[in-house]
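Encoded as structure tokens, the structure appears first; notes follow it.
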Amino acid sequence: MSDLGELAGRVLEVYERNAARYDRERSRVLFERGWLDRFAGMIPGGGRVLDVGCGTGAPMADYLAGLGFAVTGVDGAAAMIEIARARRPEGDWRVADMRALSLEERFDGVLAWDSFFHLTRDEQRQVVPRLLRHLRPGGPLMLTVGPGDGEAEGCVGDEPIYHASLEGEEYASLLHEGGAEVVAYVLNDETCGGHGILLARKL
């Protein structure tokens, strides 16, 4: 087990080094389709979606774009964005760290799939309201989260990587303070690769 405090500060470095391998090995099966469709069903046709921690854009952002949404993909790892731009140059791809995200734009839906849970617990407390500020009223926010309050070590390529989560009650409180409500909170969803999913709606 690596030192989790040290790992927490190296997440973007790991993705920079492993961008090409990540893109090559990332499943395109789209087992996330059920949740993406639920998220998309809460957004007006042709709406704007902000994909935070979009990686290389495949398959999540590509799927949403295929449904007719205007997708803006942001990621803190420039190597990931370079691959996304090369694959789909007509897309809106931007290098940005979600911890300092301030686009001065509003979106009809905000997604942070397999990215938000790389933040420390304190960073998550700060980023939830930041994401909500980018969301129009009525729009969905969907995050992947852990099974409860704590930290863990995962893997990208051959390198360890940091994960963290809060308790569901704290997420609900943060959302409420930011003017949103929980729509669904499902942990260890076996239909979605064991992911924990938090779907909320801004009021």
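The values are calculated or read from the model by the stated rules, or taken from the named source; none is laboratory data. Everything numeric in this text was worked out from a predicted model, so none of it was measured. Neighbour counts are summed over all protein chains in view; Cβ atoms, including those assigned to glycine, are modelled from backbone coordinates with ideal geometry.
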Of the conditions (1) in contact with a helix residue (DSSP H, G or I) (Cβ under 9 Å, 6 or more places away or on another chain); (2) under 21 Å from G193 (Cβ atoms), V29 fails just one. Which one is it?
(1)
Residue pairs within 6 Å by beta carbon, gap of at least six or interchain, first lying in segment 106-117 and within 13 Å of V71 (Cβ to Cβ) and surrounded by 21 or more Cβ atoms within 10 Å (Cβ to Cβ), second polar (S, T, N, Q) and at pLDDT 95 or above, listed first then second, are W113/T144
Is it the case that E151 is touching a residue at least 24 places away in the same chain (Cβ under 8 Å), touching a strand residue (DSSP E or B) at 6+ places or on another chain (Cβ under 9 Å), outside any strand (DSSP E or B) and surrounded by fewer than 21 Cβ atoms within 10 Å (Cβ to Cβ)?
no
Only one residue in D158, D149 is touching a Leu at 6+ places or on another chain (Cβ under 7 Å) and over 22 Å from L50 (Cα atoms). Which one?
D149
Working only within segment 163-179, note down all residues that are touching a Pro at 6+ places or on another chain (Cβ under 9 Å) and assigned to a strand (DSSP E or B).
S165
Cβ-Cβ distance below 9 Å, separation of 6 or more or different chains: which pairs start in segment 25-52 with a residue that is in contact (Cβ under 8 Å) with a residue 24 or more places away in the chain and of a type in the set (F, W, Y) and end on one that is part of a loop (DSSP other than H, G, I, E, B) and crowded, with 19+ Cβ neighbours inside 10 Å?
W35/W113
